[in-house]
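In what follows, a structure is listed as structure tokens, so that the remarks can point back to it.
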Amino acid sequence: MKDRARARELASEFYRKGDPTGWFEQLYREAEDGKSTIPWADRRSHPFLAKFGQERAQLFPGKQALVVGCGLGDDAEQFSAWGCATTAFDISPSAIRACRKRFPASSVNYLAADLLSPPTVLRGKFDFVFEANTLQVLPAKLRTQAILNISAFLKSGGELLVIARGREPHESEGQMPWPLLRSELAAFTAAGLAELKFELFPDADEPDVRRFAALYRRP
């Protein structure tokens, strides 16, 4: 089981201060100083992303890809390796600094940016967008705006892959990271996207955790 104690402590502290996303930078800065660990940083691309890549390998070269909440950069580097012109952003400047340090020769365009108020230059630009595990660490009241902003990154015909912890309506959301209800993902179709595929699967590293994987396309 991954140690999330410090992340939860910081999240609670910043929520109380009215800054529900400020804790990300604090955690990454502590990790940079060797004082904390990033519980979601596996230093490898997401296993489910490989499946997505296998199905679309011939489509990637020369396309524009975006990774939302890129963390330490492994998913972004995977898209780059597939031949995509890749942009990746995270709200934490320390995370972006870590990406550039880990991959000094990378062609990925790493940016410090806030999903809740993203740069307008990213709107309608991307053929592929990948979001894994960001929505589940945002309070429920912020998720709809985050979903609208993620959806807006896609150009016409672009595809979005979303991965998040999932739960049934009768189950408690528990502690952060909060599992999402499938009904919450309906905000993507409300934003104009078409759902192409939905899967529920057990987490390979945490068998008691179920995850949603949903694929969308902008008409």
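Remarks
- Bridges between two residues of the stretch 73-183, per DSSP, are antiparallel at a rate of about 10%.
- Theoretical ellipticity at 222 nm over the chain - DSSP helices of four or more residues, -39500 (n - 2.57) apiece, nearest 500: -9000 deg cm²/dmol
- Rounded if a/c under 1.5, otherwise prolate or oblate - the stretch 40-152, Cα gyration tensor axes: rounded
- For the stretch 115-183, the square roots of the Cα gyration tensor eigenvalues, ordered a ≥ b ≥ c, give a/c of at least 1.5 with a/b greater than b/c, which places it in the prolate category.
- For the stretch 59-134, with +1 on Lys and Arg beta carbons and -1 on Asp and Glu, the positive-most of Phe103, Gln78, Asn133 along the dipole: Phe103
- With both residues required to sit in the chain, DSSP beta bridges show an antiparallel share near 45%.
- In order along the stretch 158-166, phi translates into HN-Hα couplings of x, 10, 10, 10, 10, 10, 7, 4, x Hz, rounded to whole numbers, per the Karplus curve 6.51 cos²θ - 1.76 cosθ + 1.60 with θ = phi - 60° and x for Gly and Pro.
- Taking amide hydrogens as placed 1.01 Å from N in the peptide plane, the amide H of Arg211 sits under 5 Å from those of Gly166, Phe201, Asp203, each at least 5 positions away in sequence or on another chain.
- For the set Lys155/Lys197; Lys17/Lys141; Lys35/Lys125, the pairs lying more than 26 angstrom apart at their alpha carbons are Lys35/Lys125.
- Placing +1 on each Lys and Arg Cβ and -1 on each Asp and Glu Cβ, with no other charges, gives the stretch 86-170 a dipole about its Cα centre of roughly 240 debye.
- Test item: Cα-centred dipole of the stretch 42-217, Lys/Arg +1 and Asp/Glu -1 on Cβ, debye: 560
- Applied to the stretch 6-16, the Karplus parametrisation 6.51 cos²θ - 1.76 cosθ + 1.60 on θ = phi - 60° returns per-residue 3J(HN,Hα) values of 5, 4, 5, 4, 5, 4, 4, 4, 6, 4, 4 Hz, with x for Gly and Pro.
- Cα gyration tensor shape for the chain, rounded if a/c is under 1.5, else prolate or oblate: rounded
Every number in this text was worked out from the coordinates using simple rules, so none of it is lab data. Given the structure is predicted, the values throughout are model-derived calculations rather than measurements. Virtual Cβ from ideal backbone geometry, glycine too; neighbours counted across all protein chains shown.
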